[in-house]
1. Return the residues of region 86-103 that are charged (D, E, K, R) and without any contact (Cβ under 8 Å) to a residue 12 or more places away in the chain; say none if nothing qualifies.
2. Give the residue, chosen from TYR204, TYR233, that is closer than 26 Å to ALA286 by Cβ, modelled with pLDDT of 95 or more, out of contact with any Asp or Glu (no Cβ under 7 Å at 6 or more places or on another chain) and of a type in the set (Ser, Thr, Tyr).
3. Pull up region 263-304, narrow it to residues that are among the charged types (D, E, K, R) and farther than 25 Å from HIS232 by Cβ, then point me to the one that is surrounded by the fewest Cβ atoms within 10 Å (Cβ to Cβ).
4. Within region 146-192, how many residues turn out to be of a type in the set (S, T, N, Q) and either closer than 23 Å to ALA222 by Cα or touching a Phe, Trp or Tyr at 6+ places or on another chain (Cβ under 7 Å) (or both)?
5. I'm trying to understand the selection: among the residues of region 164-190, which are part of a loop (DSSP other than H, G, I, E, B) and among the charged types (D, E, K, R)?
6. Just name the residue that is farthest from ALA173 (Cα to Cα) out of those in region 187-216 that are surrounded by fewer than 20 Cβ atoms within 10 Å (Cβ to Cβ) and of a type in the set (D, E, K, R).
7. How many residues does region 147-196 hold that are among the aliphatic types (A, V, I, L, M) and more than 27 Å from the chain's Cα centre (by Cα)?
8. From the list ASN184, ASN221, ASN227, ASN168, pick out the single residue that is on the phi > 0 side of the Ramachandran plot and out of contact with any strand residue (DSSP E or B) (no Cβ under 9 Å at 6 or more places or on another chain).
Amino acid sequence: MRPPTILPRLRLPEKRPSNPLALHFWQVFGLGLLLPLLLSACLTTQGNKKAPAMRGLSPSETERLETLHNPDWRHPLPRPQREETPENLAETAELMLQTGDYERSIYNYSKILHQDPQRHDIRYKLGLALLMTGRLEDAKRELAAVLVQKMDMPEAHEAMGVIYLQENKPAEAQQEFRTVLAQNPNRSQARTLLGEAYLRGGQYTQALTEFKAALAQAPRNARVIGNIGWAHYKLKQYDEALRWLKQAQTISPQNPRINQRLGMVFAAQKKYPETLAAFRQGGDEALAFNNIGVYYYLDGRYEEAARCFQKALDLRPTYYEEARVNLDKTLARLQGGQPITTDSEPRADARLSLHPKPLQKLQEDD
């Protein structure tokens, strides 16, 4: 029997003492490998979160930002000017004409005509603007140029007639308005103006005819109704005048012209309290007392006249020289001074402004 084979004893490698420096190296090396993995995991987790909503700047914020970064922010850049085409100039001028800015409308219309002198429509509006500023000769020149190009333009004839009325040329004005009505008999404004031209020329019966024809086209026109009453006043038909003027006052209670004329009708009937009330309703109380004082004076009622002139001065002490002159003349009459001639009689002031200029006699606007 063979003896068992004895295996050789395995020898394990001897355990060597650990090196601290080597161990530290491997720890750092391992951490260097793990750190990128940890950072990647963190970023992945953050990426899964919902990002906050973003918005752009509003127009006001954008403008504010531009202002802050603009070195000339105290002097902002001017907005771009509108191109001065004839159409744009005409639109601007029309707006200015409608709003009463006549000087700038004249400037814009003139610029259009400098580019195109044949625009009779623009030249007509330039004539209107000049008329509204009281430049009658310039307005007449422009309207005459329009009528050379467009003889059948009723608006230009009508405006020319108004100029003649302003110049106190009733015959020429009548011709212009008749030309308009020959083209269009239903043009009520031209018929009213024709009636006023007849009034200015002392043709009161013809004026009544035109006014009543105009009234048929515009039954509640206070101007036409008042003109009918004034024509009756001129014909010394005071009851009819009073009836028509009261009707006009009902439609337009504060109209200075209607109230002034109504007061003059009352004065012609020697209804002085009603005269004063009508004048006062016209809006200028100092003027009302001055004018009623004139009627008292002309009627020989000097004490009442003096009181009215004094009242006018009390109401407007620093300005109303007209009432002061009238009061002096009345006091001279009361004290038995020299007889006062017609030229030195007290003067009524029927202007409708708050600071009227003196007139020789009560202005009777025809």
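The values are calculated or read from the model by the stated rules, or taken from the named source; none is laboratory data. Computed from a predicted structure; not experimentally measured. All Cβ positions, glycine included, derive from the backbone under ideal geometry; neighbour counts span all protein chains shown.
1. Start the filter on region 86-103 by keeping residues that are charged (D, E, K, R), which leaves 87, 91, 94, 101, 103.
Listed by number, the residues that qualify are GLU87, GLU91, ASP101.
2. Exactly one residue qualifies, and that residue is TYR233.
3. Top of the filtered list is GLU303.
4. The qualifying residues number 7.
5. Selection gives GLU167, LYS169, ARG187.
6. The qualifying residue farthest from ALA173 (Cα to Cα) is LYS212.
7. So the answer is 10.
8. ASN168
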